[in-house]
1. Does A209 qualify as being in a loop (DSSP other than H, G, I, E, B) and in the same structural domain as H262 (by TED's automatic domain parsing)?
2. Got at least one residue in segment 131-141 being over 20 Å from K249 (Cβ atoms), surrounded by 20 or more Cβ atoms within 10 Å (Cβ to Cβ), β-branched (V, I, T) and modelled with pLDDT under 95?
3. Could you tell me which of the residues D268, D221 is more than 20 Å from I102 (Cβ to Cβ), among the charged types (D, E, K, R) and in the same structural domain as K155 (by TED's automatic domain parsing)?
4. Any idea which of L169, L202, L183 is farther than 15 Å from N109 by Cα and either among the aliphatic types (A, V, I, L, M) or not assigned by TED's automatic domain parsing to the domain that holds A101 (or both)?
5. Return the residue satisfying two criteria in turn: it lies in segment 146-167 and is among the hydrophobic types (A, V, I, L, M, F, W, C) and crowded, with 18+ Cβ neighbours inside 10 Å, and of such residues it is nearest to the chain's Cα centre (by Cα).
Amino acid sequence: MSPGKRLKRNPSAMRMVGELVALFRRAAGMTQRELADRLVVAESTIAAIEQGRRPLLPDLAGAMDQLLGTKGALAVAVANMPEIDEFPLWAESYIKHEREAITLSLYANQVLPGLLQTWDYAEAVFRERVPSYEEDEISAKTAARVERQAILHQKNPPTVSFVIWEPALRLRMGNRDTQVAQLQHLVECAQLPCVSLQILPLDSKHHAALNGPFVLLETPDHQHLAYMETQRGSQWVADRDEVSILQRKYAMLRAQALTPDHSLGLLDALLGER
């Protein structure tokens with residue numbers, strides 16, 4: 001495997017591990033809710049893992065082994081799970097830079113940034129793809145997207161700024177529960193020490209990025225880069241003059257957007273509408 005390459009979990013292997021979790025849970029005489037409560041996770045998370053819709057991550061596998069007395073069986077299963085290439089070639093370098101970045105600045109105007117999407121929201125996004133993905137592909141791609149969010153919770157996270165245009169918040173992806181859970185998740189993410197989240201409201205008189213979304217990042221060696229995705233590929237921007245233009249756009253967007261505190265107020269208002 002080449003350095004920095006990201007892989008997705010094999011859907012068949014995910015189902016196998018899920019069946020093991022269900023088998024060990026039942027052998028311990030526990031319901032999904034009881035197991036979830038003991039692990040301090042949502043019951044829906046346990047259900048999704050057992051159904052093979054969500055990967056069992058190493059930390060949770062270790063906790064389950066300890067709780068269920070399975071002597072490391074789940075941790076071993078997860079560590080040896082077969083994997084498949086996940087990201088297309090044109091995205092692999094971005095994923096590598098995203099993991100290593102010390103700062104990230106993201107402007108989104110269509111859907112919410114992948115780093116902020118819940119499982120159900122991300123799954124709903126992938127279901128809109130034309131031509132459509134197969135069910136196994138949707139599950140695996142959703143898992144890969146959610147796993148990327150670990151950078152927000154690592155010991156030394158990057159400093160991350162988001163500016164989101166209000167229509168992206170109002171786009172209805174999935175059912176009502178999906179929308180409510182996504183908004184609540186945004187509120188939680190906005191309060192992380194490493195995160196600044198601002199909303200550019202619909203009634204703003206100015207908009208510095210009408211040409212579309214983009215990402216700015218700073219590498220550990222302080223190189224400043226920009227990244228943009230299109231319908232059929234992506235574009236890296238390394239030229240300092242071009243990156244500077246996008247940096248100025250982002251600075252204007254932050255000035256035109258609501259403050260982080262007022263953005264939280266708008267999220268609360270949107271939750272009240274649901």
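The values are calculated or read from the model by the stated rules, or taken from the named source; none is laboratory data. As the structure is a computational prediction, the values presented were derived from the model and not from experiment. Cβ coordinates were reconstructed from backbone atoms using ideal geometry, including for glycine residues, and neighbour counts include every protein chain displayed.
1. Working: in a loop (DSSP other than H, G, I, E, B): yes; in the same structural domain as H262 (by TED's automatic domain parsing): yes.
Yes: the conditions hold for A209.
2. Here is the first cut: in segment 131-141, the residues over 20 Å from K249 (Cβ atoms) are 131-141.
Filter once more, so that each one left must be surrounded by 20 or more Cβ atoms within 10 Å (Cβ to Cβ): 138-140.
Checking the rest, the ones that are also β-branched (V, I, T) come to 138.
From what's left, modelled with pLDDT under 95: 138.
Scanning segment 131-141, I find at least one residue that is over 20 Å from K249 (Cβ atoms), surrounded by 20 or more Cβ atoms within 10 Å (Cβ to Cβ), β-branched (V, I, T) and modelled with pLDDT under 95, so the answer is yes.
3. Working: D221 fails: more than 20 Å from I102 (Cβ to Cβ).
Just one listed residue meets the conditions, D268.
4. On the way: L169 fails: farther than 15 Å from N109 by Cα; L202 fails: farther than 15 Å from N109 by Cα.
Criteria check complete, one pass: L183.
5. First, pick out the residues of segment 146-167 that are among the hydrophobic types (A, V, I, L, M, F, W, C): 146, 150-152, 160, 162-165.
Next, from what is left, pick out any that are crowded, with 18+ Cβ neighbours inside 10 Å: 146, 151, 160, 162-165.
Values: V146: 4, I151: 10, V160: 13, F162: 13, V163: 16, I164: 15, W165: 18 Å.
Of everything passing the filter in segment 146-167, V146 is nearest to the chain's Cα centre (by Cα).
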